[in-house]
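Structure first, commentary second.
What follows is calculated from the coordinates using simple rules that are stated; it is not laboratory data. Note that this is a predicted model, so its numbers are computed, not measured. Here the Cβ is made from the backbone with ideal geometry for all residues, glycine too, and neighbour counts use every protein chain on show.
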Amino acid sequence: DGGITQSPKYLFRKEGQNVTLSCEQNLNHDAMYWYRQDPGQGLRLIYYSQIVNDFQKGDIAEGYSVSREKKESFPLTVTSAQKNPTAFYLCASRVSVGDTREGYTFGSGTRLTVV
Amino acid sequence: AQKVTQAQTEISVVEKEDVTLDCVYETRDTTYYLFWYKQPPSGELVFLIRRNSFDEQNEISGRYSWNFQKSTSSFNFTITASQVVDSAVYFCALSPHTGGFKTIFGAGTRLFVKA
């Protein structure tokens, strides 16, 4: 079955560390997204990618970085510059960025905690 | 401005009660899509329904129904005869045709259904 796989499910980060969250999809979707979810705030867009080797900042990109070297993969790095990284991170995809009629397919998320 | 408001933060009902989740949106686009997603405790958002701005027909799917009213910019979701398995966070989302093809999510409504 096609879908999105996020790993790990839980991640603990020490102060000053960079950590990378994995997102892999086998849906053949061009567009991929990273969202951050905090209690009571809904989903906020971090980065998105329309195509391989291209990505754009979302609303809260500071302290995060991404890469898109393969169509299937869109890893997110939470850098030490992100001052409040504890949150639930969701990866999503859809056929293309411009196809606004399509809903997203989401992964099951990674819960990141700073210790 | 593009915005989605889910004014109900939490709702608690007893099994078999009907419950309506409210969603009010703002957009200047004439072409847009509205969505509802369900987020069960497992974390993955699940697509429930899509509505385009030109189709105001109400939709029913089993115990779920949706009422779209452009005159009041609302897209409300009703669960009839609620069940414990309906307990989740529900998100309403707006995909305007412009605005960088971003999807705007509401803050979500957490529904508790007690046995």
Over all viewing directions the Cα convex hull of segment A:6-72 casts an average projected area in nm² of 5.3
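Taking the protein assembly as shown on its own, what percent of its Cα-Cα pair distances exceed 21 Å?
Numbers: 14725 of 26335 pairs.
Of all Cα-Cα distances in the protein assembly as shown, 56 percent exceed 21 Å.
Treat the count of other C-beta atoms within 10 Å as a stand-in for reagent exposure and order B:Thr78, B:Thr72 from fewest to most.
Numbers: B:Thr78 16, B:Thr72 10.
Going from sparsest to densest Cβ surroundings: B:Thr72, B:Thr78.
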Per the charge dipole of chain A (beta-carbon charges, Lys/Arg positive, Asp/Glu negative, Cα centre), the residue among A:Ala92, A:Tyr47, A:Tyr64 reaching farthest to the positive end is A:Tyr64
Taking a label point 7 Å from the Cα of A:Arg111 along Cα-to-Cβ, the residues of segment B:44-70 whose backbone nitrogen sits under 15 Å from it are B:44-45
Ranked on Cβ counts within 10 Å of their own Cβ, fewest leading, B:Val14, B:Val24 go B:Val14, B:Val24
Filtered hits (aspartates and glutamates, Cα-Cα < 15 Å from A:Lys9, offset >= 8 within chain) -> A:Glu24, B:Glu44
In vacuo Debye sum over C-alpha of chain B, base-10 log of normalised intensity I(q)/I(0) at q = 0.18, 0.23 Å⁻¹, listed in q order, is -0.87, -1.34
Once Lys and Arg are counted +1 and Asp and Glu -1 for all other residues with Cβ under 11 Å from that of A:Arg68, the total becomes -2
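Counting only other chains, what is the mean number of Cβ atoms within 10 angstrom of the Cβ of each residue in peptide A:30-42? Show your work: numbers first, answer last.
On the way: counts 0, 1, 0, 2, 0, 3, 0, 7, 1, 5, 5, 3, 11.
Mean partner shielding for this stretch: 3.
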Here the FRET efficiency for A:Thr79 versus B:Glu10, based on Cβ atoms and R0 = 30 Å and rounded to 0.05, is 0.35
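Local charge sum around B:Lys38 (other residues, Cβ-Cβ under 11 Å, Lys/Arg +1, Asp/Glu -1)? Could the numbers behind the result be given before it?
On the way: positive: none; negative: B:Glu44, B:Asp86.
Within the 11 Å Cβ shell, the charges total -2.
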Expressed in nanometres to one decimal, the distance between label points 7 Å along Cα→Cβ at A:Ser7 and B:Asn58 is 4.7
A student asked for the Cα radius of gyration and Dmax of chain A in angstrom ought to give 13.3, 41
Nearest-0.05 FRET efficiency for A:Gln56 and B:Thr80 at R0 = 30 Å, using Cβ-Cβ distance, is 0.15
Lys pairs in chain B with Cα under 22 Å (8 or more apart in sequence, or on separate chains) total 8
By Cβ neighbour count within 10 Å, fewest first, B:Ile60, A:Ile4 rank B:Ile60, A:Ile4
